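Asker: This is the structure I have questions about; it appears just below.
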Amino acid sequence: GESVGLHLPTLSVQEGDNSIINCAYSNSASDYFIWYKQESGKGPQFIIDIRSNMDKRQGQRVTVLLNKTVKHLSLQIAATQPGDSAVYFCAENRVASYDKVIFGPGTSLSVIP
Amino acid sequence: EPEVTQTPSHQVTQMGQEVILRCVPISNHLYFYWYRQILGQKVEFLVSFYNNEISEKSEIFDDQFSVERPDGSNFTLKIRSTKLEDSAMYFCASSHPGQGDGYTFGSGTRLTVV
């Protein structure tokens, strides 16, 4: 079956350091991947997405890397700030299908001031 | 920035009672979703809705659940007879084909069944 999972459930980083959050997916048909940030008591907030025809996409302080060969996705946060503390979810879908997004189990990022 | 709005933010109900969770998706979005998140767990897909009908539902979305778009702006989730295990955060989301910003989620309704 299809599934999305995360390698590390918790991650603590020093303020100013770079953070890397990893994700594995198993559905080869997935061609659209999204990273969400969820702060306590709030809904998932879109951070960045990437389609399978790309292997890297950059946003503001964030970079998503996609390795289709090993079905691996990562989110890199540069110069991590206290406001980055949250749970991060990767999610997958197929571009041709808007039926649902499948979420991974989440990684809790804690930034140490 | 457009938002998905959910009401109420917190609902407490007795087991066996019916609850209706309400959502106002982003106005030009065409696809609507409900997800739930049990405390400390991942976000789980419940149902997607397009063109006034369910397009896909998960095994969680059994006969106790229903969705409706009663007018041009609201999207509701009804749980007919709540169980203790229905206690969770329920998130509404919406999306538009071709917009590269994923799915926009509301802030959620915390449902507590007692």
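Asker: Which condition from (1) assigned to a strand (DSSP E or B); (2) within 14 Å of chain B (Cβ to nearest Cβ) is the one that residue A:53 breaks?
Answerer: Unmet condition: (1).
Asker: When you go through A:96, A:91 one by one, which is the residue that is closer than 18 Å to residue B:41 by Cβ, at pLDDT below 95 and either assigned to a loop (DSSP other than H, G, I, E, B) or within 9 Å of chain B (Cβ to nearest Cβ) (or both)? So that I can check it myself, show each step before the final result.
Answerer: Details: A:96 fails: closer than 18 Å to residue B:41 by Cβ.
Testing whether each residue is closer than 18 Å to residue B:41 by Cβ, at pLDDT below 95 and either assigned to a loop (DSSP other than H, G, I, E, B) or within 9 Å of chain B (Cβ to nearest Cβ) (or both) leaves just A:91.
Asker: Within the stretch B:61-114, track down each residue that is open to solvent by 10 Å² or more (accessible area, probe 1.4 Å), of a type in the set (Gly, Ala, Ser) and over 19 Å from residue B:11 (Cα atoms).
Answerer: B:72, B:73, B:98, B:100
Here's the yes/no breakdown for (1) within 24 Å of residue B:90 (Cβ to Cβ); (2) charged (D, E, K, R):
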site	(1), (2)
A:14	no, no
A:22	no, no
A:26	no, no
A:30	no, no
A:34	yes, no
A:51	no, yes
A:75	no, no
A:83	no, no
A:103	yes, no
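Asker: Does the stretch B:19-34 contain any residue that is touching a Pro at 6+ places or on another chain (Cβ under 7 Å), more than 30 Å from residue A:10 (Cα to Cα), in contact (Cβ under 8 Å) with a residue 40 or more places away in the chain and assigned to a strand (DSSP E or B)?
Answerer: Yes, there is a match, as at least one residue in the stretch B:19-34 is touching a Pro at 6+ places or on another chain (Cβ under 7 Å), more than 30 Å from residue A:10 (Cα to Cα), in contact (Cβ under 8 Å) with a residue 40 or more places away in the chain and assigned to a strand (DSSP E or B).
Asker: Say whether the condition of being part of a loop (DSSP other than H, G, I, E, B) and not hydroxyl-bearing (Ser, Thr, Tyr) is met by at least one residue in the stretch B:85-94. Please lay out each step first, then the result.
Answerer: Kept after step one, since they are part of a loop (DSSP other than H, G, I, E, B), are these residues of the stretch B:85-94: B:87.
Still in the list and also not hydroxyl-bearing (Ser, Thr, Tyr): none.
Among the residues of the stretch B:85-94, not one is part of a loop (DSSP other than H, G, I, E, B) and not hydroxyl-bearing (Ser, Thr, Tyr), which makes the answer no.
Asker: Restrict the check to the stretch B:50-57 and report whether at least one residue is crowded, with 21+ Cβ neighbours inside 10 Å, in a strand (DSSP E or B) and in contact (Cβ under 8 Å) with a residue 12 or more places away in the chain.
Answerer: Residues of the stretch B:50-57 crowded, with 21+ Cβ neighbours inside 10 Å: none.
No; the residues of the stretch B:50-57 include none that is crowded, with 21+ Cβ neighbours inside 10 Å, in a strand (DSSP E or B) and in contact (Cβ under 8 Å) with a residue 12 or more places away in the chain.
The values are calculated or read from the model by the stated rules, or taken from the named source; none is laboratory data. Since the model is a prediction, treat every value here as computed from it, not as a measurement. Methodologically, a virtual Cβ is constructed for each residue, glycine included, from the backbone with ideal geometry; neighbour enumeration extends over all protein chains shown. Heavy atoms of the whole protein, side chains included, go into the accessibility calculation; ligands, DNA and RNA do not. Shrake-Rupley method; radii C 1.70, N 1.55, O 1.52, S 1.80 Å.
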